[in-house]
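The values are calculated or read from the model by the stated rules, or taken from the named source; none is laboratory data. Only a predicted model underlies this, so the values are computations on that prediction, with no experimental measurement involved. For neighbour counting, all protein chains shown are included, and Cβ atoms are generated from backbone atoms with ideal geometry for every residue, glycine included. Just so you know, the surface numbers come from the protein's heavy atoms only, side chains and all, with ligands and any DNA or RNA stripped out. Shrake-Rupley method; radii C 1.70, N 1.55, O 1.52, S 1.80 Å.
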Amino acid sequence: MAFAKEITLGGKEGWPSFQLQENITAGKGRFGYDCIQLDSNSFSYDETTDFIIDFENAENPIADGDYKIIENNLKSSNQTKNGKAAGLSRNIGGLILSGNPGSFFGSEGLMGSFSIEFWLYPSIVENGENIINWESSKNEKGQLVYQLLNGSFNQGHLEWTLSNFFNYYISPNGHTDVILKGSSKIIPDTWTYHALSYDCETGLLEYMVNGVTEDLIYITSNGREDGEVCLVVLGTPSNLEFCNEYTGKIDDIRLVRRPYETPDYQSAENAGKLDHVQYLTKGGRFVSKPIMVSTGSILNSLTAEMSVPSQTAVCYYVRSGENFFGWTDTYPEWKPVESGEKLTDVKGSYFQVAAELMPDGDGSVTPTITEIVLDFTELPEPLPPFVVKAVAGNGSVTVSWNYSVDDTAGGYYLYYGTRPGEYLGRMAIEGESPINVGNTTSYTITGLENGRIYYFAVAAWSVHDMRVVGDLSKEVFARPLARLK
């Protein structure tokens, strides 16, 4: 008789680590358990990312990057643009970072392209409120030169000042300062997305709000696109400050070493939805690690505890095999399944589960999965024969036994060796241990050495799958001898 078993992913035991996950995160599901849901459209880390500050961890708001916190006076706010937390500044000091060697602001000398990006939700927009500030100095022709990168409010706009940030740059009016001014007014109690971008290939320095260019300048020898590009040259590494003098919220700060690229949530399909898109409309997915069961197990159903609001969707997939070493993204083939559906032809020693989560059309609602239960049938291991005997012959031993009392026994393996409990024999003419002797109750092994003792045991294999092997019988022994006639 086969045994019904269950494996639970999630629920009160929590979710295991996944083999793959894209655009998903943990949230709170039913019964207070952790659930899987779509991640917000927060920034994701890639090879160009210098740091990401997402404020999800109140103790260390830096999600990624080789930076450390020197001082943090920001509080955590659940009124966010992305994720579960944002930084709240009350104009009593902000967040101060120090870049480790190799990071953008932790290094000295020539630097390449960059983009500084963040979301702002100011409570007021007062002149001089400071969003970002970096000050240092560099040596130019034997003299120390002051350096500055600053973003502050001025007359209802965010204004950027970069002093001595680029080598050999002199503006048309003879100054080394670069100033970019926002053209649209910053509205209190509204989230806006800001980006300062520099392209070292073209010299374009550009300031954008909500993906729309507010101001730009070419940092070149003639201030035009066809001039010789002036590059970023940083002096002594120094701290980077955010919201040192600012009242309001800030979320998802990112520095990348490339020019600005339009995020997914500002793509053509999401045009006009900037204040509403919470989740990427392409959705997210996860793939479990291969789940080991017993040989020949049969997956009967996948049942999910989930919440699927209107216009959202969750799609499940399963696959199986006897081992997973040759598995790829597409092999074995994934089989789409519905929660609670009766399954067929899904069997093996390993199961794997995948799920795709899709938000509604506006990207404002996510489905959630609290628990996935895999119901499967495990083939029983047949009982061994209870009576086993061994009779020695000339260079041979005949082992006999009674049939197993278990009706799931389809045949038998005969194990042999030269040490008790170690059935590693290789010398018999009939083959290495164990020998599949079929559904019989007696078998003679030949080619053995006379005078040497041998040990034997018998195990039954399942009538459903001969790879399912039961326990060994009691051990018997015999010593072949050449008898004179």
For this session: Sticking with the crude label model, points 7 Å out along Cα→Cβ, report the distance from residue 140 to residue 57 in nm, one decimal please.
Result: 3.9
Problem set entry | Cα-based radius of gyration of the chain once divided by 2.2 N^0.38 Å, which approximates compact folds | 1.51
Problem set entry | Those GluC sites (Glu not before Pro) in the range 421-462 that DSSP places in a loop and that have at most 12 other beta carbons within 10 Å | 432, 449
Problem set entry | Per-pair calculated FRET efficiency, R0 = 35 Å: residue 466 and residue 398 via Cβ, rounded to 0.05 | 0.90
Exercise. What list of ³J(HN,Hα) couplings, whole Hz, do you get for the range 134-145 from phi and the Karplus terms 6.51, -1.76, 1.60, once you set θ to phi - 60° and write x for glycine and proline?
Worked result: 9, 10, 7, 8, 9, 8, 10, 6, x, 10, 7, 10
Problem set entry | Whole-number percent relative contact order across the range 262-418, with pairs defined as alpha carbons under 8 Å at least 6 apart | 30
Exercise. Using a Förster distance of 51 Å, how high is the FRET efficiency between residue 98 and residue 311, based on the Cβ-Cβ distance and rounded to 0.05?
Worked result: 0.65
Seminar exercise, completed: The rounded separation in angstrom of the Cα centers of the range 399-442 and the range 26-89 is 60
Exercise. Which Cα, out of 411, 326, 239, lies furthest along the positive dipole direction of the chain (beta carbon charges, K/R +1, D/E -1)?
Worked result: 411
Exercise. For the pair residue 449 and residue 226, how long in nm is the line joining their label points, each one 7 Å along Cα→Cβ?
Worked result: 9.3
For this session: Let me have the relative contact order for the range 135-214, percent, based on Cα pairs under 8 Å that are six or more residues apart.
Result: 19
Exercise. Quick one: ranking 403, 317, 198 by accessible area, 1.4 Å probe, largest first, what do you get?
Worked result: 403, 317, 198
Exercise. Once phi is turned into ³J(HN,Hα) by the Karplus curve 6.51 cos²θ - 1.76 cosθ + 1.60 with θ = phi - 60°, what whole-Hz value does each residue of the range 332-348 show in order, with x for glycine and proline?
Worked result: x, 5, 6, 10, x, 9, 9, 4, x, 6, 6, 9, 9, 6, 10, 8, x
Exercise. Which part of the range 194-232 falls in the paramagnetic zone of residue 184, meaning amide N under 12 Å from the point 7 Å along Cα-to-beta-carbon?
Worked result: 194-195, 208-215
For this session: Take every Cα pair under 8 Å in the chain that's 6+ residues apart, average their separations, divide by the length, and report that relative contact order as a whole percent.
Result: 16
Problem set entry | Point-charge dipole on Cβ atoms (K/R +1, D/E -1) for the chain, about Cα centre, debye to 20 | 2340
Exercise. How many nm is it between the label spots at residue 155 and residue 342, if each spot is 7 Å from the Cα in line with the beta carbon?
Worked result: 7.6
Exercise. Amide H to amide H under 5 Å from residue 296: which residues, 5+ apart in sequence or cross-chain, H placed 1.01 Å off N in plane?
Worked result: 348, 349
Exercise. What's the carbon and sulfur percent of the range 22-131's accessible surface, probe 1.4 angstrom, rounded to a whole number?
Worked result: 42
For this session: Using a 1.4 angstrom probe, figure out how much accessible area the chain has per residue, in square angstrom, rounded to the nearest whole.
Result: 48
Exercise. In what sequence, largest accessible area first, do 196, 231 appear using a 1.4 Å probe?
Worked result: 231, 196
Exercise. Tell me, what HN-Hα J-couplings in whole Hz come from the Karplus equation 6.51 cos²θ - 1.76 cosθ + 1.60 at θ = phi - 60° for each residue of the range 423-428, using x for Gly and Pro?
Worked result: 9, 10, x, 9, 8, 5
Problem set entry | Placed amide H near residue 19: partners under 5 Å, 5+ positions off or other chain | 287, 288, 289
Exercise. Under 5 Å between amide H atoms, partner at least 5 residues away or on a different chain: which partners does residue 50 have, H built in plane at 1.01 Å?
Worked result: 255, 256, 257
Problem set entry | Area of residue 6 that stays accessible when all protein chains are in place (1.4 Å probe, Å², to 10) | 130
For this session: Just reorder 22, 305 by solvent-accessible area, largest first, 1.4 Å probe, all chains present.
Result: 22, 305
For this session: Grab the Cα-Cα distance for residue 378 and residue 46, subtract it from 0.36 nm times how many residues apart they are, and report the gain in nm with one decimal.
Result: 115.2 nm
